[in-house]
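Peer 1: Here it is: the structure, laid out below.
The values are calculated or read from the model by the stated rules, or taken from the named source; none is laboratory data. Quick caveat: nothing in here was measured; it's all calculated off a predicted structure. Virtual Cβ from ideal backbone geometry, glycine too; neighbours counted across all protein chains shown. Heavy atoms of the whole protein, side chains included, go into the accessibility calculation; ligands, DNA and RNA do not. Shrake-Rupley method; radii C 1.70, N 1.55, O 1.52, S 1.80 Å.
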Amino acid sequence: MASFCFSQNYTISGYIKDKSNGESAIGANVYVKEGMKGVSTNVYGFFSLTLPQGKYTFVCSYLGYISYTDTINLTQNISKTVSLEPESRNLNEVEVIAEKQDENIQNTQMGTIQMDINQIKKLPAFMGEVDILKSIQLIPGVKSAGDGNSGFYVRGGGPDQNLILLDEATVYNAAHLLGFFSIFNGDALNNVTLIKGGMPAQYGGRLSSVLDISMKEGNSQKLQVDGGIGIIASRLTIQGPIKKDKASFIISGRRTYIDLLAKPYFKYGNPKSDFAGTSYYFFDLNAKLNWQISEKDRLYLSGYFGRDVFSFKDTDAGFSAKVPWGNSTACLRWNHLFSSKLFSNASLVFTNYDFSFTAGQSDFELTLFSGIRDWNAKYDFVYIPNPRHNIKAGLNYIFHRFTPSNVSAKQGETNFDMGEIVRLYSHDAAAYISDDWEVTSWLKVNGGLRFSYFAQVGPFTRYVKNEFGKTTDTVNYNPGKKIVDYNGLEPRLSLRFGLSKSLSIKGSYTHNFQYIHLASISSVSLPTDVWMPCTELIKPQVGNQYALGIFKNFKQNMYESSIEVYYKTMENQIDYKEGAEPQDNVFDNPDNAFTFGTGTAYGAEFFFKKRTGKFTGWIGYTLSWTWRQFPKINYGQEYLAKYDRRHDASLVLTYDHNKKWNFGLVFVYGTGNRGTLQNALFAYEGDISFDYGLRNSYKFPDYHRLDLSTTFTPDREKKLQKKRQRLENRYERKGKDKSLIKVPKAWNKNYQGSWTLSVFNAYNRYNPYLIYYETSGDLMKGTFKVKGKQVTLFPILPTITWNFKF
């Protein structure tokens, strides 16, 4: 029981870190047992807790770490940094279950999942490559685009409606190898948070979800090297202190070597192969520096650079092609503590995504290219006057430069006139304020308001079209001249009604504007997809989402469960007109190729998770409907979206048998995606043509797959003990003094190694990737046949990876 001398309040604030490496503990619980008043750390590990003067039992807890407990006499403001020690596998399970691990019950957030990187690494991985995007697709409400695709769809939204952030930098294309892998190297990541409902006011610019990813800061205690060698790629991470406890760095790289392995085969083994002359590889590079200037100031500099490079060369035909694409980001952040209650962060962010295709034959060369580049400045504040209020406010500004699909061509020294390079420029600004307010012990409210503003500016040339699509006039805008602007208020509201310590009901409403759009002619996310801003013709997407959920924990928060229902409306959705192509912008505006419509999505999500113990994992199930309606598509009739999937289920399990053996299992099931196929054939004077059904009227066969994995980690300590025992026995047999034993330096190195065997598609299910029709025979002779065929990408695929750390 706390003892109070005066009613005056004081604040204890500081940072929570991992004792082993100095990394920030994001989302750790900080509270006092007296009254169970507490807060959670932010993305920088900062906390602030204001209480009346008195003595308290101060507790810091974080899943997977030993809880920290201290008695404090709060008679003045206290600044405190707590280093939590990772749990040992030998500890009793009860010792590491935190008393206040019920944030899913107590907070106002809905549809929010914080993914544990260490747990993700225990799951079966496609081709041995740990993939963050494929892991979040196992969460209810998040749907995969299918095999060979890292794109994802959240609660009926499109892939462009997901805001993906890497250390606050927007990532516009998160896929390698046309979607087979994501760009995120798990060895470089510290935290992954997915928000699919009840989006807080500090996030904006997208309708469906936020995937907020934080990179590691680098080990501030000692030099550390991690890596892995797999079948198609290898990775290496180096991190360590620049100045212990003050400054650190991390550099992490990954590269595939398909091209290096294939070249000798095509050169010496099979030079006549259709794939001879083909080369492909991708690479990633993550880097970060952080510096604690003082107790109140910290600097972070982080960056990412990644590329996919595909090339083909046929020397005999004189033909060559090269297709590079990729992302680059950079972010400089400054944390400052104005006081124990007021935290701020200022950021300067650069983001670039570009794609190009260059093909040449003899002296002719054709190039297609597109991209988007952002310069971003933002300033965020967090004010925590007391445990009942957590006030956030901030400003954000982005200058966009869009390069939609452009074409250039030349032959020898002659350049063909393909029109000017089309670039679109825009200003994107926002201001927000929100408060997470505990009104009573049973009612908590998170209310926020965001104001957003968007303007397209020159230089720009508008091609004015008549009703027949012919250009009748042009209008030129000078640099910086405003062409069109949009703005609006975006209210956000979440409520939590606590029915008991382990049961609560939550509701949320979000209203969002989205000013940039992704136009795609494919059913999967490809690097050729084009990003476009709002223009005179393209209006902002507008989203309204309503959600209601019930949350229940069991057995001292060991088990979590939830049921959430949602209803979402989307206006000004974008798609290509029938017959339009991205490269049609020669002497034209890209937005003339689009048509616009509306969308509706609704469904229910069921989630049950075991958080602690040797067995951990979850079961998820989603029942949903996703509709689209465009006046100029499907005769204006409403149709199911291509990623509508009525039933979607996942089972995820990991089992830590002992220090040596770990096992993982993933099972997924989903009703088939939608598509448009031929439903009739016509023959006229020997020519054959197909008639297609209504938009997305065909449902593909159901998808299901089982993945398995096991990781073997040799007990190095036990092995070294045996070696030392054999050495002692040898000295004893020879009558030598055991104290003279010299242990090799290599024995003292903190080396850890493990082997991971993954089996993708364990029962060899032939899941559909593509269905097409093949014709054979002669129509006039009566032997003509049409046969449907299914393309499957992956049979059973076993892979093995060696991971190391020292």
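Peer 1: Filter region 209-230 down to the residues that are within 30 Å of Leu177 (Cα to Cα) and surrounded by fewer than 18 Cβ atoms within 10 Å (Cβ to Cβ) and list them by number.
Peer 2: Hits for region 209-230 are Val225, Ile229.
Peer 1: If you don't mind, another one. Return the only residue of Glu578, Glu638 being farther than 24 Å from Leu207 by Cα, open to solvent by 60 Å² or more (accessible area, probe 1.4 Å) and more than 25 Å from the chain's Cα centre (by Cα).
Peer 2: Glu578
Peer 1: Please count how many residues of region 12-54 are open to solvent by 20 Å² or more (accessible area, probe 1.4 Å), among the polar types (S, T, N, Q) and either under 24 Å from Leu194 (Cα atoms) or in contact with an Asp or Glu (Cβ under 7 Å, 6 or more places away or on another chain) (or both).
Peer 2: Count: 2.
Peer 1: What tally of residues in region 280-291 results from selecting those that are open to solvent by 20 Å² or more (accessible area, probe 1.4 Å) and polar (S, T, N, Q)?
Peer 2: Counting residues in region 280-291 that are open to solvent by 20 Å² or more (accessible area, probe 1.4 Å) and polar (S, T, N, Q) gives 1.
Peer 1: If you don't mind, another one. Given the criteria modelled with pLDDT of 90 or more, under 20 Å from Tyr463 (Cα atoms) and open to solvent by 30 Å² or more (accessible area, probe 1.4 Å), does Glu536 qualify?
Peer 2: Answer is yes for this residue.
Peer 1: Pick from region 385-438 the residues that are free of Cβ contacts under 8 Å to residues at least 24 places away in the same chain and part of a strand (DSSP E or B): which of them is farthest from Pro459 (Cα to Cα)?
Peer 2: Top of the filtered list is Thr414.
Peer 1: Looking at Thr81, Thr71, can you tell me which residue is touching a Lys or Arg at 6+ places or on another chain (Cβ under 8 Å), free of Cβ contacts under 8 Å to residues at least 24 places away in the same chain and open to solvent by 50 Å² or more (accessible area, probe 1.4 Å)?
Peer 2: Thr71
Peer 1: Can you tell me which residues in region 646-695 are in a loop (DSSP other than H, G, I, E, B), modelled with pLDDT of 90 or more and touching a Ser or Thr at 6+ places or on another chain (Cβ under 8 Å)?
Peer 2: Selection gives Arg646 alone.
Peer 1: Among (1) of a type in the set (Phe, Trp, Tyr); (2) within 26 Å of Leu366 (Cα to Cα); (3) surrounded by fewer than 16 Cβ atoms within 10 Å (Cβ to Cβ), which single condition is Tyr425 missing?
Peer 2: That leaves (3) as the condition not met.
Peer 1: Scan region 327-345 and tell me whether some residue there is modelled with pLDDT under 95, charged (D, E, K, R) and part of a strand (DSSP E or B).
Peer 2: no
Peer 1: Mind counting the residues in region 447-470 that are over 30 Å from Asp436 (Cβ atoms) and either loosely packed, with under 14 Cβ neighbours inside 10 Å or not polar (S, T, N, Q) (or both)?
Peer 2: Counting residues in region 447-470 that are over 30 Å from Asp436 (Cβ atoms) and either loosely packed, with under 14 Cβ neighbours inside 10 Å or not polar (S, T, N, Q) (or both) gives 14.
Peer 1: Shifting gears a bit: Residues in region 294-346 that are aromatic (Phe, Trp, Tyr) and open to solvent by 30 Å² or more (accessible area, probe 1.4 Å): how many?
Peer 2: Selection size over region 294-346: 6.
Peer 1: Continuing with this model, one more query. Which pairs have Cβ atoms under 6 Å, sit 6 or more apart or on different chains, and link a residue in region 323-337 that is closer than 12 Å to Asp374 by Cα to one that is open to solvent by less than 20 Å² (accessible area, probe 1.4 Å) and charged (D, E, K, R)?
Peer 2: Cβ pairs passing all conditions: Cys331/Asp167.
Peer 1: While we're here: Being open to solvent by less than 40 Å² (accessible area, probe 1.4 Å), closer than 28 Å to Thr351 by Cα and either in contact (Cβ under 8 Å) with a residue 24 or more places away in the chain or part of a loop (DSSP other than H, G, I, E, B) (or both): is that true of Phe381 here?
Peer 2: It is false that Phe381 is open to solvent by less than 40 Å² (accessible area, probe 1.4 Å), closer than 28 Å to Thr351 by Cα and either in contact (Cβ under 8 Å) with a residue 24 or more places away in the chain or part of a loop (DSSP other than H, G, I, E, B) (or both).
Peer 1: Something else about it: Being within 20 Å of Asn673 (Cβ to Cβ) and among the aliphatic types (A, V, I, L, M) is the filter here, so list the residues in region 758-806 that pass it.
Peer 2: Once the filter is applied, which keeps residues that are within 20 Å of Asn673 (Cβ to Cβ) and among the aliphatic types (A, V, I, L, M), region 758-806 yields Leu770, Ile771, Val791, Leu793.
Peer 1: Which pairs have Cβ atoms under 7 Å, sit 6 or more apart or on different chains, and link a residue in region 343-371 that is within 21 Å of Ile398 (Cα to Cα) to one that is among the β-branched types (Val, Ile, Thr) and assigned to a strand (DSSP E or B)?
Peer 2: Phe350/Thr329; Thr351/Thr170; Thr351/Thr329; Tyr353/Ile372; Ser370/Thr403; Ser370/Val530; Gly371/Thr403
Peer 1: Being polar (S, T, N, Q) and within 26 Å of Val192 (Cα to Cα) is the filter; apply it to region 55-68 and report the residue that is most open to solvent (accessible area, probe 1.4 Å).
Peer 2: Within region 55-68, the match that is most open to solvent (accessible area, probe 1.4 Å) is Ser67.
Peer 1: Answer with yes or no whether Trp627 is among the aromatic types (Phe, Trp, Tyr), open to solvent by less than 20 Å² (accessible area, probe 1.4 Å) and in a strand (DSSP E or B).
Peer 2: Spelling it out, it is not the case that Trp627 is among the aromatic types (Phe, Trp, Tyr), open to solvent by less than 20 Å² (accessible area, probe 1.4 Å) and in a strand (DSSP E or B).
Peer 1: Only one of these conditions is not met by Ala649: (1) crowded, with 21+ Cβ neighbours inside 10 Å; (2) within 21 Å of the chain's Cα centre (by Cα). Which number is it?
Peer 2: Failed condition: (1).
Peer 1: Moving on. Given the criteria more than 22 Å from the chain's Cα centre (by Cα) and at pLDDT 95 or above, does Ile550 qualify?
Peer 2: When the stated conditions are applied, Ile550 passes them.
Peer 1: Anything in region 173-188 that is outside any helix (DSSP H, G or I) and buried (at least 22 other Cβ atoms within 10 Å of the Cβ)? List them, or say none.
Peer 2: Correct list: Asn173, Ala174, Ala175, His176, Phe181, Ser182, Ile183, Phe184, Asn185.
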